[in-house]
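The values are calculated or read from the model by the stated rules, or taken from the named source; none is laboratory data. From a predicted model like this one, the values you see are computed outputs, not experimental measurements. Here the Cβ positions follow ideal geometry from the backbone for every residue, glycine too, while neighbour counts run over all protein chains shown. These area figures cover heavy atoms from the full protein model, side chains too; ligands, DNA and RNA do not enter into them. Shrake-Rupley method; radii C 1.70, N 1.55, O 1.52, S 1.80 Å.
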Amino acid sequence: MQKGNKFYSSLYIRIFKIQMVLLLWILCFFSVSCKKKQYPPQTVLVMGTVCTVNLYDAGTAELYKQIIDRLYEIEREFSVSMPDSQISTINKQAGIAPVQVSEDVITVLDTAVLFAKKTNGAFDPTIGPLVKLWNIGTEFAHLPSDKEIQNALSFVDYHKIIIDHIASTVYLEQSGMSLDLGGIVKGYAADEIVRILKQQKVTRALIDLGGNIYAYGSKKDDAPWRVGIRNPFDTQSEPPLGVQVDDQTVVTSGVYERFFIQDGVRYHHIINPKTGYPMQNGLVSATIISDSSMYADALSTSVFILGISEGLAFLKDFSETEGILIDDTKCIYVTSELQNKITVFSHDFSVKIFE
């Protein structure tokens with residue numbers, strides 16, 4: 001009987017062990033299968049540019065979809081190439097009637113008008129007629145005549161934008177006027193992605209909306225991000241310098257982004273709203289570092305138009321905002337708060353600190 005008892009005891013122990021192994025296997029299986037699958041960085045063509053979002057260990061199909069859907073929604077509101085967008089509708093109704101718009105359009109247009117006032121028109125959201133006339137960045141880019149430019153300039157005037165916040169309408173007073181918010185809307189889109197990430201309690205992400213970079217949060221080891229500033233003279237080469245940022249956006253406007261060459265002259269897309277011609281002041285790029293991508297987007301264009309001294313002085317009106325400008329002599333102008341956060345990689349460039 002003792003041998004039999006030992007046999008059955010041993011058998012029971014073996015069965016128990018098998019059951020435990022099976023139970024652990026089942027628990028592991030359901031734990032893995034129930035866990036949300038992590039996805040690699042997602043890249044889409046939206047708002048006329050290539051946009052990439054990297055959510056690292058927080059990347060899931062659901063969250064990426066939410067972000068990408070939001071980008072497409074903003075495109076449908078602001079695109080000047082989509083005939084049914086809210087901005088296109090405002091332009092069609094210029095001089096005719098106000099157009100009811102979304103909160104997005106009101107928010108971005110309010111900020112655009114703010115910058116137009118602060119820069120005395122160096123940044124002007126009614127630059128649409130000039131952008132369309134030059135068509136830089138398209139196959140129809142060409143050098144307009146002086147007469148054509150003067151005619152387009154007669155429709156550029158941010159004072160004639162009427163925003164009714166109660167009725168949520170926008171009206172352009174003069175027929176022939178048109179809005180173009182390309183100098184600010186990508187920044188707004190980046191800020192909207194950040195808003196979603198905060199809601200979802202994501203701790204780190206890297207957002208690249210066609211060169212508008214937002215290094216959200218900190219890297220996994222709590223180290224700051226390092227963002228390279230593109231070489232305006234050779235965009236395929238290594239960046240001439242890098243800047244250290246922590247939960248900030250880095251936005252650059254440069255002559256290398258969109259341009260055409262005619263009769264040996266290079267015409268870039270950053271047009272001075274006061275002259276109607278691409279701005280020629282010695283600058284080749286203007287980079288802004290800030291915690292607001294929408295502000296940084298508008299500031300990069302504004303500072304480029306204002307020039308080195310006036311542009312960098314203008315930045316002092318904005319807290320937690322710094323700048324890096326590069327001129328055509330390969331001199332890099334850096335605001336003082338960044339002097340310990342930049343690394344120069346190329347001996348071809350010199351650096352000046354702007355106090």
Scaled by the rule-of-thumb 2.2 N^0.38 Å, the alpha carbon Rg for the stretch 62-209 gives a ratio of 1.13
Bridge orientation stat for the chain from DSSP, antiparallel percent rounded to 5, came to 90 percent
The answer for chymotrypsin sites (Phe, Trp or Tyr not before Pro) in the stretch 89-145 that fall in a DSSP coil and have at most 15 neighbouring Cβ atoms within 10 Å is 140
Taking N as the number of residues in the chain, the ratio of its alpha carbon radius of gyration to 2.2 N^0.38 Å works out to 1.31
So the angle from the long Cα axis of helix 2-34 to the longest Cα principal axis of the chain, reported in degrees to the nearest 10, equals 10 degrees
Sorting 207, 96 on solvent-accessible surface, 1.4 Å probe, most exposed first, gives 96, 207
For the chain, longest principal axis from Cα atoms; helix 185-199 axis from its Cα atoms; angle between them, nearest 10 degrees, is 30 degrees
Computed over the stretch 277-336, the convex hull of the Cα set has an average projected area, in nm², of 3.9 nm²
With every protein chain in place, the accessible area of residue 354 for a 1.4 Å probe, in Å² rounded to the nearest 10, comes to 50 Å²
dims of the stretch 178-244, Cα set, principal axes, largest to smallest, nearest Å -> 45, 40, 14
By accessible area (1.4 Å), largest first, 165, 347 order as 347, 165
Mean separation of Cα contacts under 8 Å (at least 6 apart) over the residue count of the chain, i.e. the relative contact order in percent, is 14 percent
